[in-house]
Amino acid sequence: MKDSKFSVIISIIALIISIIALLLNLGILKCHCSCLNRGDDDGKNKAQQEQVVAQDNDRDGMDQSATTAVVEEAEPAPIVVSDQPLKKKTPTAAFIDLGLPSGTKWRELNEPALMTFDEAVDKYGKQLPSQKQYNELYEKCQWLPLKDGGYKVVGPNGKWVIFPLTGFINCTGEFRGEKDFGDYWTSTKKGDGEAWRVVFNEKGVKILAHTNCYARGIRLVEQ
């Protein structure tokens, strides 16, 4: 009887030991699996982190390249400075149709230099107005005195030209009358050593002959 009870107790103890061993085995496996899973997760997380870092690096590289490209495009082109001097255009004076019966057109500006009669005829020829052409200009136009000297000559059609004061250079080279007289050569001679010229001041206009060694103003007509 005692042997039977002892056998039962041993069997129960063996069963309990078996159950404890089984539970321990299950716990170890679970821990092992958890560790393995944790290791896998850590590997995956590390791989993901490395991928994110790589993507960030790529993005930074792309952003840097884009920024560099923008800077390069925004750089101004080098300025090339020419060492050639600028050429000034010389204004061209027009010939004005004043509506005269002869159709003569008078230049709107004087020539720049005073000249003797012979110099003017040699240089300008038929463009230097004759005594007859000046007579027509005097008779057919209105000569209106200007406040600062000279005359505004208005033709039959209302168009006009200005004859400023010129003064003259006498035969000894003295410059006179710059603020007092307008003095212009015609192309018409009067005997030896003289030619007709137009002279005016605030008192009026006259066409007179004078010695041709004087240098006077030059106004041209169109030919």
Flag if Gly177 is closer than 16 Å to Lys206 by Cβ and at pLDDT below 95: yes
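Out of all the residues in segment 166-179, is one or more within 22 Å of Ile96 (Cβ to Cβ) and in the same structural domain as Gly103 (by TED's automatic domain parsing)?
Residues of segment 166-179 that are within 22 Å of Ile96 (Cβ to Cβ), as a first pass: 166.
The next check asks that each one be in the same structural domain as Gly103 (by TED's automatic domain parsing); those that pass are 166.
So far as segment 166-179 goes, yes, one or more of its residues are within 22 Å of Ile96 (Cβ to Cβ) and in the same structural domain as Gly103 (by TED's automatic domain parsing).
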Residue match in segment 174-182 (condition: touching a residue at least 40 places away in the same chain (Cβ under 8 Å), closer than 19 Å to Glu111 by Cβ and surrounded by 15 or more Cβ atoms within 10 Å (Cβ to Cβ)): no
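Take Glu194 and tell me if it is over 15 Å from Val121 (Cα atoms) and among the acidic types (Asp, Glu). Break it down into steps so the answer makes sense when it comes.
Working: over 15 Å from Val121 (Cα atoms): no; among the acidic types (Asp, Glu): yes.
Taking the combined requirement at face value, the residue does not satisfy it.
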Condition met for Tyr134 (more than 18 Å from Leu98 (Cβ to Cβ), surrounded by 17 or more Cβ atoms within 10 Å (Cβ to Cβ) and in contact (Cβ under 8 Å) with a residue 60 or more places away in the chain): no
Among the candidates Tyr214, Tyr151, residue that is more than 21 Å from Asp97 (Cβ to Cβ) and among the aromatic types (Phe, Trp, Tyr): Tyr214
Subset of segment 195-223 (residues that are closer than 10 Å to Trp185 by Cα, of a type in the set (Val, Ile, Thr) and either modelled with pLDDT under 95 or not assigned by TED's automatic domain parsing to the domain that holds Lys123 (or both)): Ile218
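Scanning for something of a type in the set (Gly, Ala, Ser) and under 45 Å from the mean Cα position of the chain (by Cα), does segment 183-197 turn up at least one residue?
Pass one, segment 183-197, residues of a type in the set (Gly, Ala, Ser): 187, 191, 193, 195.
Cutting the leftovers down to under 45 Å from the mean Cα position of the chain (by Cα) gives us none.
No, there is no match, as no residue in segment 183-197 is of a type in the set (Gly, Ala, Ser) and under 45 Å from the mean Cα position of the chain (by Cα).
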Pick from segment 183-223, criterion crowded, with 17+ Cβ neighbours inside 10 Å and among the charged types (D, E, K, R), ranking: nearest to Ala113 (Cα to Cα): Arg216
Residue match in segment 140-147 (condition: at pLDDT below 95 and in the same structural domain as Phe200 (by TED's automatic domain parsing)): yes
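Residue check: is Thr166 surrounded by 14 or more Cβ atoms within 10 Å (Cβ to Cβ), among the polar types (S, T, N, Q), under 17 Å from Leu128 (Cα atoms) and in contact with a helix residue (DSSP H, G or I) (Cβ under 6 Å, 6 or more places away or on another chain)? Lay out the reasoning, then the answer.
Numbers: surrounded by 14 or more Cβ atoms within 10 Å (Cβ to Cβ): yes; among the polar types (S, T, N, Q): yes; under 17 Å from Leu128 (Cα atoms): yes; in contact with a helix residue (DSSP H, G or I) (Cβ under 6 Å, 6 or more places away or on another chain): no.
Criteria not met by Thr166.
The values are calculated or read from the model by the stated rules, or taken from the named source; none is laboratory data. Everything numeric here is computed off the predicted structure, so don't read it as measured data. Virtual Cβ from ideal backbone geometry, glycine too; neighbours counted across all protein chains shown.
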